[in-house]
Every structure is written in C-alpha cells, then in structure tokens.
1. What is the list of residues in segment 273-290 whose amide nitrogen lies under 20 Å from a point 7 angstrom out from the Cα of E51, following Cα to Cβ?
2. Would you list S181, S40 from fewest to most Cβ contacts within 10 Å?
3. Can you give the longest stretch of the chain with no exposed loop site, where a site means trypsin sites (Lys or Arg not before Pro) in a DSSP loop (not H, G, I, E or B) with at most 15 other C-beta atoms within 10 Å?
4. Hey, in the GNM for the chain with a 10 angstrom Cα cutoff, which one of Y39, Y14, Y195 fluctuates hardest?
5. If you fit an axis through the alpha-carbon atoms of helix 264-281 and take the longest principal axis of the Cα set of the chain, what angle between them do you get, 0 to 90°, nearest 10?
6. Report the relative contact order of the chain, percent, no decimals, based on alpha-carbon pairs under 8 angstrom and at least 6 residues apart.
7. Counting other Cβ atoms within 10 Å, keep those with at most 12, restrict to DSSP loop, and tell me which chymotrypsin sites (Phe, Trp or Tyr not before Pro) in segment 57-164 are left.
8. Residue by residue, what Karplus-based ³J(HN,Hα) values in Hz, rounded to whole numbers, does segment 149-160 have, using 6.51, -1.76 and 1.60 with θ = phi - 60° and x for Gly and Pro?
Amino acid sequence: MSEIVYLNGKFVPYEEALVPVEDRGNLFADGVYEVIRFYSGQPFLMKAHMERLERSAREIRLPAIDIEALTEAGLETVRRNGIGDGTLYIQVTRGPAPRNHAFPPNPRPTVFMIARSLARPGKELRGQGVTCITVPDIRWLRCDIKSIGLLPNVLGKQQAREAGAFEALFVRDGVVTEGTSTNAFAVREGRIVTYPEDEHILPGITRRLILAIARREGIEVVEEALNVDELDRVDELLISSTTIEVMPVVSVDGRPVGGGRPGPVARKLQEQYDRLVEKVASGESIDDLI
Ligand SMILES: Cc1ncc(COP(=O)(O)O)c(C=O)c1O
C-alpha cells in the first residue's frame, strides 16, 4: 500500500505529492518544520510541537497558519497510514514563486506531512549509551527557529557517522550548545546543567520534558553553558530528542565521559520517560507537564 501524504489540504498517494521545482523551500530553505512522536498511534506532546511550529512560522514571517486544522490533519495522516510507534513530519514553506530573494507578493505556503513508523530506540543502545564528537558550531544566530535550513547539522551528523560516532555536539566560543539534532545535558555534582533557551539552540520539547521530570524528581537544574574542556570532568552526559528520547553519552572525541558508562541520573530519567510513554500509549495526555 502506498503511503498517504498530506499536501496543501489533500490526502494523496506519495507518488502524487509533488511540489513545484521553484518552491521556496527548494530554492532558499525558506520554511520551517516539526517532528512529532506517536506511541501506539497516540501523539506525544503534540500541543507543544504545534505551538513551536506556530512560533517558527511567525519568526520567519510566514502567513498565519491554522494550528487547529493542521493538528487535525496531522492526526488524520497518522491514522490513514496506520502508524503505531512513529513520527509525523510537518513542513511549511513560503511556497512556489519565481526565484527572487524578497518575499513573493502573494505567498501560497506549501504544507505537507508524512507519517512514518519508527521503533523506540533499542533497550541495548539505551543501556549502553552512545558516542559523540565535537564540531564547530557554524550555524546562524537564530537556531531557536526550527528552520529547514539544516546544512551545518547535516554536515556535522555526517562527520559523526564517518568517525563512527552517533552524534556531533556543536561547540561555539568554547561551550557546548547542542547536538546536530539533539539537546545536550551534563550532570555535575548531582545537578543537571544544560545550555539556556536562547537563539543558540533549538528549545527542544524533549529538553523541556526532561527538565520537568528532573525538577519533579528533586534534581536541581542549572541552565548555563557547559565548557567543552569540562566534559572530561562531568559525572554524566546525555542527549535528547523527540526520536531518541533520553540517551546517555559515554564518550566524546574518543575520551570517556563519566567513567565510560551511563550513570544513575540517565537511568532515572529514562525510567520516568518510559512511564510517560506508557501513559500516552494508553490514551492519556501529558501536555500539562510542560
Ligand atoms: C538542532 C536540534 N536541537 C534539538 C533537537 C531536539 O528537539 P526536540 O526534543 O523538540 O525533538 C532537535 C530535533 O530535531 C534539533 O534538530
């Protein structure tokens, strides 16, 4: 059975979901996106993702989008594709227009959504942790916008893959900002330290949930920059995202972190995260947690 894609108000077979070559997404990466997790067909923190999409769209001055209608269409895309554990990708661009940097006079945004199955990260990987490298953060100064312009992220992730690592951590002015598709957290003297929400990082929805879980568990959270030289001395390091959830990091640039094994804070966060996944999978909402 062909996949069903949502494109500009219609549900169409994948092969028929075509966009004009001069779509500004193609020409200028002039668009924004979201990735939303589903467990057993149920959305995980969809409200927060849709609010972030609305903000990203506003920040790049796209015409207003109807978040309620898009949410309904997103849920329908997931249903029509029979997705259990998976993701919903939503992209909104400034649409097709003859190539010209300035906005077209009457933009007609292109909106599409694809729902795909994606299993949760394996127990083994979550138990063992992953390795990272560091790369210079060569991105622009609006990393808080979930822009489809991801070339530095793509190059960083590829460099990680070629080094046999799972993720690349961006370093700007000597501090770790975030990963190419993840937020990063250190554990130091029992506290969680993570880069503050500003224009240098994407305000991760998973990051927000992790901080909420930590505070609920009585773990102190410090939102401040982490020096890359300090990585050798932290007790634990973690990365997070909608797709990889909470993942311990056991080495960076070939040097072990926190004794080279996942630590107790990572385990506790993973346990609590699992509980929330079960809740959502059974039809409960956890939207009020963040
Ligand atoms: C650069 C970047 N940082 C962080 C994240 C994690 O964000 P979220 O937890 O909302 O998936 C992502 C997700 O793709 C990302 O691309």
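1. What the label zone holds, given the 20 Å backbone N cut-off, is 276-277, 280, 284-290.
2. On the way: S181 20, S40 14.
Final ranking by Cβ density, sparse to dense: S40, S181.
3. The longest such stretch corresponds to 143-290.
4. The residue that fluctuates most here is Y14.
5. With both axes taken from Cα atoms, the answer is about 30 degrees.
6. Numbers: 586 pairs, mean separation 53.5, N = 290.
Relative contact order, the chain: 18 percent.
7. Passing sites in segment 57-164 are W140.
8. x, 10, 4, x, 5, 4, 5, x, 5, 5, 4, 4
No value in this document is a laboratory result; all are computed from the given coordinates. Computed from a prediction, not measured in an experiment: that's the story for all the values here. Neighbour counts run over all protein chains shown; Cβ positions are idealised from the backbone, glycine included.
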